[in-house]
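**Q** So that we are looking at the same thing, I have put the structure below in structure tokens.
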Amino acid sequence: MESKGRTVAELVAARWGDHRPGLRFEDRALTHHEVAAGAAARAALLADLLPPGAEPHVGVLLDNTPEFPLWLGAAALAGAAVAGVNPTRRGPELARDILHTECPLLITEHAHLPLLDGLDLPGVRILVTGTAECNALLAPYVDAEPDPSRAAPADRFLLYFTSGSTGAPKAALCSQGRLAAAGLSLVGQFGVHQDDVHYVCMPMFHGNAVIADWAPALVAGAGVALRRRFSASGFLTDVRRYGATYFTYVGRAVQYILATEPRPDDRDNPLRLGFGTEAGTVDAAAFERRFGVRLVEGYGSSEGGAAVQWSPGTPPGAVGRATPGLVVLDPGTREECPPARFDPAGRLLNGDDAIGELVNRGPSPFEGYWRNPGAEAERRRWGGWYWTGDLFYRDTDGYLYFAGRTDDRLRVDGENLAAAMIENILARYEGAAAVAVYAVPDPVTGDQVMATIAGSFDPSAFAEFLLAQPDLGTKMAPRFVRVVERMPVTATNKIHRAGLRKEGVRCADPVWWRPPGERAYRRLTPEDAEGPLVSTRGSSVGGVGGGAPTARGAAAQ
């Protein structure tokens, strides 16, 4: 039965006495009651382990094992906060994350102990799950019952790190009330009920898995199935094994699943919905064709300051309709950008004017960053508005289209281009398992478009493919194409764009390019890489080189 608790602690306690299957992991199964009991025992232990006067923060350095949601529940009941620690961080960076969030207690597992070797972590007690020490500490509390009275909606509950693509990761704050409200909202949006099973395959140290997957399951009393780490090859097997009906994804996860070998029985699965970001319209359609499962693309800033929901009638490529307070602003003038204009093929004609930063000028649930006033001020600049750091444009009906991060901005020969739009077009190329589009600097044109493609690449076929795309603007075609076996990604399956931009054309992988005035791609040589690599300003070779723009398109350039 759906719970309407105002705190996460109330949601955890509501599962006490519920003996339906609640948590599945590999060959292990726990009832909802056993999960609540395990959380209660750990909450009682936290009262002993957290030093008086210290921040009530618990670092959790775990894969997606049952211990992760158990300690989340424990922290909720104890009025404490969990700092999810990224196990792909190393050395001083890992120590920095733990110390920055002021965690006097770090929960980890044997597999991650080598990561902590040699780290200077003064004042941090390390507790290893599954050990004799941990079991002995929990033993006195095995009969504890969950008591939600110690928690309030405003209590800090999560400190979850953003990607850190432009510097050290920032620990965003999330209260018990905000997480409970987010879970309730998703239950209503997607009709989640107690017979659903949520497959949590995205890492739980990241906000997506906890906020978009675990929280609505907790609200609705749905089951949860955990995957230690995401596996594309194991995805469908897990879904069938656990009877999963709902999952979330981030970044390239959907592309990896689609890259697995198709089978005649792919549509024989219990899934009814996938919810996430960055799958793209091409891959979302391919996923539904193959598995019979609709993917809902949503938008929500990691910090919770702005969200856009898909609704029936949303045009292809759009995220959803702007709600009151959400506007697309020119960061320089702080004025609202005009609506986007498209040609009949769907090509954006006025990107230079229409693309801006998505800003929430209304009430914002953003709760700040831990000990980072500079980053907080940047988010809340200009009268307290919430600046998302994401580029969008909107159509005349108010629907919003994602154009990339602000640091993904492309400006080619005086025209703003949407990296996300170009990626959606290039994703149609048959050999592309994954695509990333980003800018490389050019002293003449400002930027040149570079693409990284994971998969197979035929330069002649790719050039012909570009010519056949009616919505590819004359300046959108990649000047450079890097070909990789597997797209470099972060621990949360997002493309590692900062690394791609930094390496540019001078990388270890094969790079193909179109020299100025030529239509065909050829292999970039070391001599080419040291040359000017520029096109003539204003020439037609800024695009594919041969397709004349429409009169309307030419005017926009």
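**Q** For the list (1) at negative phi; (2) outside the structural domain of ALA47 (by TED's automatic domain parsing); (3) over 16 Å from the mean Cα position of the chain (by Cα), I need the number of the one condition that GLY191 fails.
**A** (1)
**Q** Out of the residues in segment 279-290 meeting the condition of being surrounded by 18 or more Cβ atoms within 10 Å (Cβ to Cβ) and touching a strand residue (DSSP E or B) at 6+ places or on another chain (Cβ under 7 Å), tell me which one is nearest to ILE211 (Cα to Cα).
**A** ALA279
**Q** Report whether or not ALA451 is farther than 12 Å from GLY351 by Cβ and in contact (Cβ under 8 Å) with a residue 60 or more places away in the chain.
**A** Numbers: farther than 12 Å from GLY351 by Cβ: yes; in contact (Cβ under 8 Å) with a residue 60 or more places away in the chain: no.
No.
**Q** Here's a follow-up. Going by the conditions given, is VAL296 more than 18 Å from the chain's Cα centre (by Cα), surrounded by 15 or more Cβ atoms within 10 Å (Cβ to Cβ) and either assigned to a helix (DSSP H, G or I) or not aromatic (Phe, Trp, Tyr) (or both)?
**A** On the way: more than 18 Å from the chain's Cα centre (by Cα): no; surrounded by 15 or more Cβ atoms within 10 Å (Cβ to Cβ): yes; either assigned to a helix (DSSP H, G or I) or not aromatic (Phe, Trp, Tyr) (or both): yes.
Here the answer is no, as VAL296 does not meet what is asked.
**Q** Please specify each residue of segment 187-197 satisfying the condition of being under 25 Å from ALA43 (Cβ atoms) and either in contact with a Pro (Cβ under 6 Å, 6 or more places away or on another chain) or modelled with pLDDT under 95 (or both). Step through it out loud before you land on a result.
**A** Just the residues of segment 187-197 that are under 25 Å from ALA43 (Cβ atoms), to begin with: 187, 194.
Within segment 187-197, just VAL187 meets the criteria.
A quick yes/no check of all residues on (1) of a type in the set (Phe, Trp, Tyr); (2) surrounded by fewer than 24 Cβ atoms within 10 Å (Cβ to Cβ):
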| residue | (1), (2) |
| --- | --- |
| SER175 | no, yes |
| ALA182 | no, yes |
| PHE190 | yes, yes |
| VAL197 | no, yes |
| GLY207 | no, no |
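**Q** Pick out, from segment 173-265, the helices (runs of 4 or more DSSP H) lying fully within it that include 1 or more residues that are among the small types (Gly, Ala, Ser).
**A** Details: elements: 176-190, 215-220, 235-242, 253-258.
Helices (runs of 4 or more DSSP H) meeting the threshold: 176-190, 215-220, 253-258.
**Q** Going through segment 335-349 one residue at a time, which ones are more than 28 Å from the chain's Cα centre (by Cα) and closer than 17 Å to ASP413 by Cβ?
**A** If the condition is that a residue be more than 28 Å from the chain's Cα centre (by Cα) and closer than 17 Å to ASP413 by Cβ, then LEU349 is the only one that fits.
**Q** If you don't mind, there's one more thing I want to ask. Name the single residue that is nearest to ALA345 (Cα to Cα) among those in segment 491-522 being surrounded by 21 or more Cβ atoms within 10 Å (Cβ to Cβ), modelled with pLDDT under 95 and of a type in the set (Val, Ile, Thr).
**A** Across segment 491-522, the extreme among qualifying residues is ILE495.
**Q** In the list ALA375, ALA345, which residue meets the criterion of being touching a strand residue (DSSP E or B) at 6+ places or on another chain (Cβ under 6 Å), modelled with pLDDT under 95 and not charged (D, E, K, R)? Full working, then the answer.
**A** Values: ALA345 fails: touching a strand residue (DSSP E or B) at 6+ places or on another chain (Cβ under 6 Å).
Of ALA375, ALA345, the one residue that is touching a strand residue (DSSP E or B) at 6+ places or on another chain (Cβ under 6 Å), modelled with pLDDT under 95 and not charged (D, E, K, R) is ALA375.
**Q** Right, next: Six or more apart or on different chains, Cβ atoms under 6 Å: show the pairs whose first residue is in segment 372-400 and closer than 28 Å to ASP343 by Cα and not assigned by TED's automatic domain parsing to the domain that holds GLY320 and whose second is crowded, with 19+ Cβ neighbours inside 10 Å and among the charged types (D, E, K, R).
**A** Qualifying pairs under 6 Å: none.
**Q** Residues THR260, THR248, THR237: which one is polar (S, T, N, Q) and buried (at least 23 other Cβ atoms within 10 Å of the Cβ)? Don't jump to the end; show me each part of the working.
**A** Values: THR260 fails: buried (at least 23 other Cβ atoms within 10 Å of the Cβ); THR237 fails: buried (at least 23 other Cβ atoms within 10 Å of the Cβ).
Answer to the check: THR248.
**Q** Which of the strands (runs of 3 or more DSSP E) found entirely inside segment 71-135 contain at least 2 residues meeting this: crowded, with 20+ Cβ neighbours inside 10 Å? First the steps, then the outcome.
**A** Values: elements: 81-84, 105-108, 125-128.
Of the strands (runs of 3 or more DSSP E) lying wholly inside segment 71-135, those with at least 2 residues that are crowded, with 20+ Cβ neighbours inside 10 Å span 81-84, 105-108.
To keep it simple, each residue is scored yes or no on (1) within 21 Å of ASN64 (Cα to Cα); (2) more than 19 Å from the chain's Cα centre (by Cα); (3) at pLDDT below 95; (4) not acidic (Asp, Glu).
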residue	(1), (2), (3), (4)
LYS170	no, no, yes, yes
CYS174	yes, no, no, yes
TYR199	yes, no, no, yes
MET204	yes, no, no, yes
GLY234	yes, yes, no, yes
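**Q** Please work out which residue is surrounded by the fewest Cβ atoms within 10 Å (Cβ to Cβ), limiting yourself to segment 381-405 and to residues that are small (Gly, Ala, Ser) and within 14 Å of THR277 (Cα to Cα). I'd like the intermediate steps shown before the answer.
**A** Filtering segment 381-405 down to residues small (Gly, Ala, Ser) leaves 383-384, 389, 398, 403-404.
Keeping just the survivors that are within 14 Å of THR277 (Cα to Cα) gives 403-404.
On the way: ALA403: 29, GLY404: 23.
My answer is GLY404.
The values are calculated or read from the model by the stated rules, or taken from the named source; none is laboratory data. Worth saying up front: this structure is predicted, and the values here are computed from it rather than measured. Glycine also receives a Cβ, built like all others from the backbone with ideal geometry; neighbour counts cover every protein chain displayed.
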